[in-house]
Amino acid sequence: MTEGIARIWRNQRDRYNLIGTHCEECKNDFFPQRKICPVCRRKGKLKEKQMPTTGKIYSFTLVTGGPVGFDYETPYYLAIVELDNKVKILTQIVDSDDDKVKIGQPVKAMFRRIQTHGEEGLIAYGYKFKVV
Amino acid sequence: MAKIMKSDASVRSASPVINAGVGIVSYGYFVPRLRIKVSDIAATWGKDASVGESLGVKEKAVGAWDEDSCTFAVEASRMALKATAGANGGSGINPQEIGAIYVGSESKPYAVKPSAAIVAEAIQATPSLTAADLEFACKAGTAGMQMAMGLVSSGMINYGLAIGSDTAQAQPGDALEYTAGSGAAAFIIGKKNVIATIDDTYSFTTDTPDFWRRQHAEFPQHAGRFTGEPAYFKHVQGATQGILEKTGTTTKDYDYVVFHQPNGKFPLRVAKSLGFGDEAVKQGLITPFIGNTYSAASMIGLVSVLDVAKPGDKILLCSYGSGSGSDAFVLTVQDEITKPNRRPSVKLLDYIAKNKKYVDYAGYAKHRKKIKHIE
Ligand SMILES: [Zn+2]
């Protein structure tokens, strides 16, 4: 369940700082980054843009049977978070009381470990969200 | 052969005074949410529950399984940057203007691979800056402050970021386990927009074998009672007396004093021995609530003081790192601190009180990966 080093490195900027894309034609924001605007197709003019680091829970589930490598954190909340610019992202919810993990709750991005290659390998960092 | 005594007062007063307008531009902190009560640790090892009382520590902060000193450092640094929002007429400080990042820690996630570079990337300060990780037990963070001060004072950089961060490690069952906490503090050092000037600094260093961790060892070892008088007290007193002499000030001149805090008792004892009242120490004494945050401990105490400080207040800060050394600083709070959006939106003590979830010893052992587990 772990990604290769090259992929971790490629995704690093997006995952550290929520860097997505903005289309200057249709004014839409996208995350993760797109090579072609899904709305304007070839007519789109894309540039990098940092997504807002706050939003609200759009939907969520409690994962009780996590995949291999997630033994320490299971059970954990997996949620679709709608950022302040309406972009939706899939993320874990951490550091939040069970009764606060609800649809519509405001959340903010946190910097956390997202995967590790065993005890001696690379540590990948990225975003998770917490209820504020 | 004649011994050269650098602690001689004449040498001290002859050393250069730093005061060049350099100071703290902003600050941030991070404390993980999990807590374990010292009484639960004591019960696990069949010790009396009163151990917490004798150490002056009620509970300690514990990093979750997916947190480490690097994630703490990033959170504290982001808060420090956010707290510059009211500076420069509301435009804040661009992370691209940060010319140096130093992370002081003794619990780096990697033995080789700099946390400072990860922090730099995570606050978007890359690529035009210098960065390094520092280690001097619990005083590596204040060493970073001094390095940043030097670079700013000399004009080599505009802003430097100094961070102290630790997921304080302790061997299960060892006396250190009661107090080894987790947290981080970050300070942006500069010459413009300072909320507190750093008027001077003075350090006191000797080779003292009170506490160490060898390269491949998981947990540190310490020399028990040896960690008190010849280590902590000698160096904290040495550095504090040194900076008082160097600046021609006395204990009465300070509104607040912050010492390294391995437990809740040592800072009060060392303050009393130097002539400071308990009241001056209290605001910066954070270890009773989150444990000893090692490299962050004295810096996080300064955070708590700056949370309530008023222009004109004088603060004395003195760190301690085993091995051993202390860095002392004299600060004067400036008007800038009263401007809107120039401090974190939540005070450290409020954050600590409201953001916590208790775990028992088994939960703590799991999160800190002290349980052997097949991946
Ligand atoms: Zn478009």
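Just need the relative contact order of region B:62-186 here, percent rounded to a whole number, with Cα pairs under 8 Å and 6+ apart.
Taking the mean separation of contacting Cα pairs over the length of region B:62-186, I get 33 percent.
Give me the accessible area per residue for region A:1-48, probe 1.4 Å, as a whole number in Å².
71
Please compute the contact order of chain A in relative form: average sequence separation of alpha-carbon pairs under 8 Å and at least six residues apart, divided by the residue count, as a percent.
Result for chain A is 22 percent.
With every protein chain left in place, what is the accessible area of B:T338 in Å² (1.4 Å probe, nearest 10)?
Its accessible surface works out to 90 Å², give or take rounding.
Indicate the residues belonging to region A:1-43 that lose 30 Å² or more of solvent-accessible heavy-atom surface (probe 1.4 Å) upon moving from the chain alone to the assembly of all protein chains, ignoring ligands and nucleic acids.
Flagged in region A:1-43: A:Y16, A:N17.
Heavy-atom accessible surface, probe 1.4 Å, ligands and DNA/RNA ignored: which residues of region B:350-373 lose at least 50 Å² versus the isolated chain?
For region B:350-373, once contacts with the other chains are taken into account, B:K366, B:K369, B:H373 lose 50 Å² or more.
Taking beta carbons within 10 Å but only from partner chains, what does the mean come to for residues B:60-69?
Other-chain Cβ atoms within 10 Å of each residue's Cβ, averaged: 4.
Leaving ligands, DNA and RNA out of it, work out the accessible area of B:S273 with a 1.4 Å probe and give it in Å² to the nearest 10.
Only protein atoms counted, so the area is about 70 Å².
Taking N as the number of residues in the protein assembly as shown, what value does Rg over Cα atoms divided by 2.2 N^0.38 Å take?
Against the compact-globule rule of thumb, the ratio is 0.98.
Once you put a point 7 Å from the Cα of B:D335 and another 7 Å from the Cα of B:W65, both along the Cβ direction, what distance in nm separates them?
For the pair B:D335/B:W65, the computed spacing is 5.4 nm.
What's the total accessible area buried between chains B and A, using a 1.4 Å probe, rounded to the nearest 100 Å²?
Counting both chains, the buried surface is close to 2400 Å².
Below 8 Å, C-alpha to C-alpha, sequence gap of six or more: please give me the relative contact order for chain B in percent.
25
Would you mind calculating the gained length between A:K27 and A:L122 on full extension (0.36 nm times residue separation, minus the Cα-Cα distance), in nm to one decimal?
Working it through step by step, the gained length comes to 30.5 nm.
So with the 1.4 Å probe, I'd like the accessible area per residue for region B:170-285, rounded to whole Å².
43
I need the P(r) histogram for region B:158-272: all alpha carbon pairs, bin width 10 Å from 0 out to the longest distance, whole percents.
10, 33, 37, 17, 3
Any idea what angle helix A:5-17 forms with the longest principal axis of chain A, computed on alpha-carbon atoms, 0 to 90 degrees, nearest 10?
With rounding to tens, the tilt is 80 degrees.
How large is the direction-averaged shadow of the alpha-carbon convex hull of chain B, in nm²?
18.9
For region B:62-170, report the convex hull volume of the alpha-carbon atoms normalised per residue, in Å³, without decimals.
Per residue, the Cα convex hull of region B:62-170 comes to 104 Å³.
Ordering B:T240, B:T251 by accessible area with a probe of 1.4 Å, largest first, what comes out?
Accessible-area ranking of B:T240, B:T251, largest first: B:T251, B:T240.
Can you list the residues of region A:72-90 that have at least 30 square angstrom less accessible area with all protein chains present than in their chain by itself, probe 1.4 Å?
A:Y72, A:E73
Taking all protein chains as present, what is the carbon and sulfur share of the accessible area of the protein assembly as shown, in % to the nearest whole number, probe 1.4 Å?
53
Taking 7 Å along the Cα-to-C-beta vector as the label spot, tell me the A:T74-A:C40 distance in nanometres, rounded to one decimal.
4.5
Using R₀ = 41 Å, calculate the FRET efficiency as 1/(1 + (r/R₀)^6) where r is the Cβ-Cβ separation of B:K192 and A:K86; round to 0.05.
That pair, B:K192 with A:K86, gives E of 0.65.
Rounded if a/c is under 1.5, else prolate if a/b is larger than b/c, else oblate: which is chain A, with a ≥ b ≥ c the root eigenvalues of its Cα gyration tensor?
It is oblate, given that a/c is not under 1.5 and a/b is not larger than b/c.
How are the alpha carbon pair distances in region B:98-151 distributed across 10 Å bins from zero to the largest one, expressed in percent?
27, 53, 20
Express in nm, to one decimal, how much length is gained between B:R269 and B:N355 on full extension, taking 0.36 nm for each residue of separation and deducting their alpha carbon distance.
28.0 nm
With a 1.4 Å probe and every protein chain left in place, tell me how much accessible area B:D174 has, in Å² to the nearest 10.
That residue has around 40 Å² of solvent-accessible surface.
Would you list B:H260, B:H216, A:H117 from the most to the least accessible area, probe 1.4 Å?
B:H216, A:H117, B:H260
The values are calculated or read from the model by the stated rules, or taken from the named source; none is laboratory data. Predicted model, so just to flag it, every value in this text is computed and none were measured. Note: ideal-geometry Cβ built from the backbone for every residue, glycine included; neighbour counts use all protein chains shown. Heavy atoms of the whole protein, side chains included, go into the accessibility calculation; ligands, DNA and RNA do not. Shrake-Rupley method; radii C 1.70, N 1.55, O 1.52, S 1.80 Å.
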